[in-house]
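S.K.: Here you go, one structure.
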Amino acid sequence: MQTIAIYCKASFQEGLGHVVRQLNLARALDDTGIDVYFCIEDYPPAIAKIKDHGFPIFTLNSQEQLPGGVADLALLDRGDNTREAIDALRVYAKRIVDFDDLGSGRNAVDLLIDANLGAEDCKNLASNVKTLFGLPYSVLHPEYSKTESAARTYTQPIQSVLISMGGTDPNKLSLRLTQTILNLGSNVMVAVVTGPGFEDLDSFRLFEDNSRLVRRVNNPPHLADLLREHDAVFCSGGVTLHEAAACGTPAFVIGQAEHQKKCAGFFSREGVAVDLGTAADIDEARIADCLALPKETLNKMSHRGKELLDGRGIFRVAEEINVLLK
C-alpha cells in the first residue's frame, strides 16, 4: 500500500483551516486505498480533530521540523516553504505535493495546488512543476459537490445569517458580530459556528441565554447544510468563502490573515461577496448595509457563486495525486 504523509500547520492564531482541508482530502485518498498519516505540531485542538477522523499522527517539535517519516508522497499545507526544506524532505518522499506556497520551495515540488491563483501565475515557476491553479481545484468537503445545481432564489431581504470565523476565531469576531447584529435591532436570526479551539464559550452563552435570535452550532462535520439554511454568512477569506460560493450563499468577508485580502477582493469583484476589510475595520453601518441588501442583489450573488465553484475540486485533486503516485 502506498503512503502519504500530510504536513499541516495549526495554531490558535492560524486556526484549523489547513487541517480541515487536508482531512477532507485524506478521506478521499483513503477511499482510493492509500495509507495516510498526519505530521503536525502538538496543538491539542488539531490533534483531537485528526484523531476523531481516525488518521495516525506523527507529532513534530516545530513547524520547521521535517520529515515525519518515510512516505511515497509528502503533501504540504503549511504556507511558504524554503528550497532547503523541500530538498531535505525529498530524501524521505519520492513525490511532493504543495498547497498555496509562495516561497522558494515551490520551484522544487512535483505538484503545486492553489485555488486562488490563475493560469497566468504559472509563468515564473520552474518548468518541471505541474500546477493545478484556479477555483476548479478548491478542496472542499464532498458534500459541496452534492449541493443543488441551481442558484438560490431570494424573495425577501435577509432573515438569518451564519457566522463562521474558523475553529479558533483568534480575533473574537463571533462575539463582536453577534453583538453588533443584535444592537441593530433587525430581528435577523444568528447562528454561530464554534470549533474545538474556540475560547469564549462562557461569554457566548450569555447571548444564547438572553436572546431568542442567537444559537450556537459546535464543531459540525461540514458547513454545507448550515450555509444552505441561512441567507448569508459572515466569514474570513479562506475555505469558508469558497464553501459559501459553492452553496450559492452570499458572503460578508472579514479577513483575519494577510493572504485572505486577495481572496476577499477577488470574490468581491466577482459579485459573490462583500469585502468588509479586516478585523480592525468592523463598522456597524456597513454591517447594517449588508443585512439590508435587496433580494435582487442576493440573487445575483448566489447565481455568480454557483457559476464559479462546483464543489468537485477535491475529486480532481485526488485524481491528480493518484496519477502522480503511479
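Bear in mind these aren't lab numbers, they're just calculated from the coordinates by the rules spelled out. Remember, predicted model here, so these are calculated numbers, not experimental data. Backbone-built Cβ (ideal geometry, glycine too); neighbour counts: all protein chains shown.
S.K.: Taking only Cα atoms, what is the 0 to 90° angle, nearest 10, from helix 173-183's long axis to the longest principal axis of the chain?
M.R.: Roughly 10 degrees between the two axes.
S.K.: Each label point is 7 Å from the Cα along the Cα-to-Cβ direction; what then is the distance between the points at residue 208 and residue 270, in nm?
M.R.: 3.4
S.K.: Continuing with the same structure: Can you tell me the convex hull volume per residue for the chain, based on C-alpha atoms, in Å³ to the nearest whole number?
M.R.: Per-residue hull volume (Cα only) is 124 Å³.
S.K.: Could you pull out every residue, at least 5 positions away or on a different chain, whose amide H is within less than 5 Å of the one on residue 134? Hs are placed 1.01 Å off N in the peptide plane, and Pro or chain starts have none.
M.R.: The answer is 114, 115, 116, 117.
S.K.: Would you work out if segment 148-308 is rounded, prolate or oblate? Take a ≥ b ≥ c from the square roots of the eigenvalues of the alpha-carbon gyration tensor; rounded if a/c is under 1.5, else prolate when a/b is larger than b/c, oblate otherwise.
M.R.: rounded
S.K.: Here's a follow-up. Can you give the translational diffusion coefficient of segment 1-40 in µm²/s, computed by Stokes-Einstein from the Kirkwood radius over Cα pairs at 25 °C and 0.890 mPa s?
M.R.: Using the Kirkwood radius from Cα pairs, D works out to 232 µm²/s.
S.K.: Around residue 216, which amide H atoms from residues at least 5 apart in sequence, or from another chain, sit under 5 Å from its own amide H, with H modelled in the peptide plane?
M.R.: Result for residue 216 returns 192.
S.K.: So what is the 222 nm mean residue ellipticity for the chain from helices alone, if each DSSP H run of at least 4 adds -39500 (n - 2.57) and you divide by all residues, rounding to the nearest 500 deg cm²/dmol?
M.R.: Computed mean residue ellipticity for the chain: -10000 deg cm²/dmol.
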